[in-house]
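Quick notes on the structure that follows.
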Amino acid sequence: MQALSFEQAPPPSVPIRFFLTAPLFMLLAGLLLLIDGEAVMASRWTPAALALTHLMTAGFMLQVMLGALFQLMPVAAGANLWRPSVLALPVHLLSAIGAVLLVAAFHHQIAWAYQLAVVAIGCSVLAFVPAGMLALSRPPGTSHSLIALRIALLAFFATVLAGATMALARAGLIDTGWLRFSSSHVALGLAGWGCVLVAAVGYLVVPMFQLTPAYPRWFARSFAPLMVLAIGLGMVVLHPTAWLPLIGLVALFASVTLDRQQRRRRAKLDATFRFWRFAMGCVLFACAGSVLMIFNIGGNAVALAVGVLAILGGFVSVISGMLYKIVPFILWLYLQPRVQGVPPMTRMLNEQWVLWHLRAHVAMIGAALLATLWWPAVYLVGSLMVVSAALLGGQLLRVVGRARAALRLAQPS
Amino acid sequence: MTDRLPPIVVDARRLLPPEPMERTLEALDEMQPGQEVLLMIPRQPAPLFDMLHNNGYAYTVESQPDGVFHITIRQASGD
């Protein structure tokens, strides 16, 4: 199994600033559902639905993904970013402010907010992506994670480029014909950037934190490059069926991950394991729903259900499960050489509250699927999302608080 | 012929991070002069290697056919 080198890790404040911001976006998404739920469920193209989607993708997911890259590029791939503590500040602020502006722009159709969002997110990307690509170009190795990280980062750039073009079209600055990029934007963002990054991270953290065998070599070697080809095919061939190979590859990733989990060496299942298993199940259903969409079966309900299953069921589940492992672990590793008698990592989290989050999360997805058929259920979704955000944020703050207290005790001022 | 104490065995094959490191550090605290700690773990624990290196321990790594690594740790000065 590939080794990780934590001596290269940035200070914990670098990734954790992103991780602590993410639940705030989930909280806002829950509140939006409570305020404007009917419009969200009317169609995925309503201003409210686009605002909600981007609260979760450009807000919640992007914050965690950027934080994870700051941590994992040096640790997993030996790719050291230039001054991560200095770089993290503008990347974090600009991406978070940009996401809020983008959501406001979608929700209220404000031209200047679209433009400012493009500037803020664009500057964040222009600060991070070249620095990331430079760091990823240095390590001589050709590890599967390294290759997948390079592909994910390029797909991130392309996602934002396509998104910025459409935002400027919505702002009235360029022709609305550019809005035809929406399918490519979704495929690049969710599959090229999101799923490939989850795979790059998963190759390392699934065997390590879930005690499974490593991903098969044939799969880890070919998955990310094949995803590039499949996205390219869908973008070039202007027929919906051209997306089928991409859907098949995503389903293959979920199946291989479930197979790894089946072969785990440990009988006891923790919350992270359950979050990931639930995520992979949701991804398989999202893939099936996507096929129905391609053949125009099921109408608006199926389109909304695919969004629910992919974004909330897939990405938010994977991210929640990973945060519960990685945040205590990063802090424990930081404290270990600095503090005598570091508190055991397992005691940093309250496992019962984490399990309550899992239950609230699963109930939220169930309610969201119901809401695609009967919209008033959206208020239950909003309430459960607020609860989930509070539980996730609360547990992360608890871990950070415990680490700070341990440091204070060790270094009395 | 000197009587050597048997190694303290830390079986971390079914433990989640960072429990292997926590248990190994406990074992290193209990280790008597000349004694060794044998850690059995299904991956190469890079954070532990960093810690051992920084704290004056020597270690050897043996890869087993079943994918488990046997890491034998001793005081570097005892070599």
In Å³ per residue, the alpha-carbon convex hull of chain B encloses 94
Ignoring ligands, DNA and RNA, the residues of the range B:4-35 whose accessible area with a 1.4 Å probe is reduced by 20 Å² or more relative to the chain alone are B:13, B:14, B:16, B:17, B:18, B:21, B:22, B:25
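Show that you can apply the helix-only estimate: for chain B, add -39,500 (n - 2.57) for every DSSP H stretch of four or more residues, divide by all residues, and state [θ] at 222 nm to the nearest 500.
The per-residue figure over chain B is -8000 deg cm²/dmol.
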Simple SL model, points at 7 angstrom along Cα→Cβ for residue A:338 and residue A:353; separation in nm is 2.2
Taking every residue of A:336-346, the Cβ atoms of other protein chains inside 10 Å of its Cβ average out to 3
Here the relative contact order (percent) of chain B, from C-alpha pairs under 8 Å and at least 6 apart, is 31
Here the residues of the range A:259-279 whose accessible area is at least 10 Å² smaller with all protein chains than in the chain alone (probe 1.4 Å) are A:265, A:266, A:270
Chain B, Gaussian network, Cα under 10 Å: of B:21, B:40, B:51, the residue fluctuating most is B:51
Any helix of chain A counts here only if DSSP assigns it H throughout, its Cα atoms span 15 Å or more along the axis, and its mean Kyte-Doolittle hydropathy is at least 0.0, and such helices are A:13-42, A:62-77, A:84-108, A:111-137, A:144-170, A:196-210, A:217-236, A:244-262, A:271-294, A:317-335, A:351-373, A:378-410
Rounded to whole Å², per residue accessible area for the protein assembly as shown with a 1.4 Å probe reads 43
GNM on chain A, Cα springs under 10 Å; top mean-square fluctuation among A:388, A:222, A:13 goes to A:222
Buried accessible area between B and A, both sides, 1.4 Å probe, in Å² rounded to 100, is 1700
For the range A:6-405 the mean separation of alpha carbon contacts under 8 Å (6+ apart) over residue count, i.e. relative contact order in percent, is 18
The computed P(r) of the range A:327-400 puts the percent of Cα pairs beyond 17 Å at 54
Accessible-area loss of at least 30 Å² (1.4 Å probe, chain alone to full protein assembly) applies in the range B:45-72 to B:46, B:47, B:50
For B:8-16, A:265-273, A:312-320, ranked highest to lowest by mean beta-carbon neighbours within 10 Å, the order is A:312-320, B:8-16, A:265-273
Between the modelled labels at residue A:258 and residue A:108 (7 Å from Cα along Cα→Cβ) the distance in nm is 4.4
By the Cα gyration tensor axes a ≥ b ≥ c (a/c under 1.5 gives rounded; else a/b larger than b/c gives prolate, otherwise oblate), the shape of chain A is rounded
Rounded to 0.05, the calculated FRET efficiency for the beta carbons of residue A:176 and residue A:119 at R₀ = 22 Å is 0.60
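Quick check on the range A:212-326: take the gyration tensor over C-alpha atoms, sort the square-rooted eigenvalues as a ≥ b ≥ c, and tell me if it's rounded (a/c under 1.5), prolate or oblate.
Oblate is the answer for the range A:212-326, as a/c is 1.5 or above yet b/c matches or exceeds a/b.
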As a percent rounded to 5, the proportion of antiparallel DSSP bridges among beta bridges in chain B is 75
Whole-percent carbon and sulfur contribution to the accessible surface of the range A:19-132 (1.4 Å, no ligands, DNA or RNA) stands at 76
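Carbon and sulfur together cover what percent of the accessible area of the range B:8-78 at a 1.4 Å probe radius?
That share works out to 46 percent.
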Rounded to 0.05, the calculated FRET efficiency for the beta carbons of residue A:411 and residue B:54 at R₀ = 22 Å is 0.75
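The values are calculated or read from the model by the stated rules, or taken from the named source; none is laboratory data. Nothing here was measured: the structure is a model prediction, and the numbers come from that model. All Cβ positions, even for glycine, are placed from backbone atoms using ideal geometry, and neighbour counts span all protein chains on display. The area values use the complete protein model at the heavy-atom level, side chains included, leaving out ligands, DNA and RNA. Shrake-Rupley method; radii C 1.70, N 1.55, O 1.52, S 1.80 Å.
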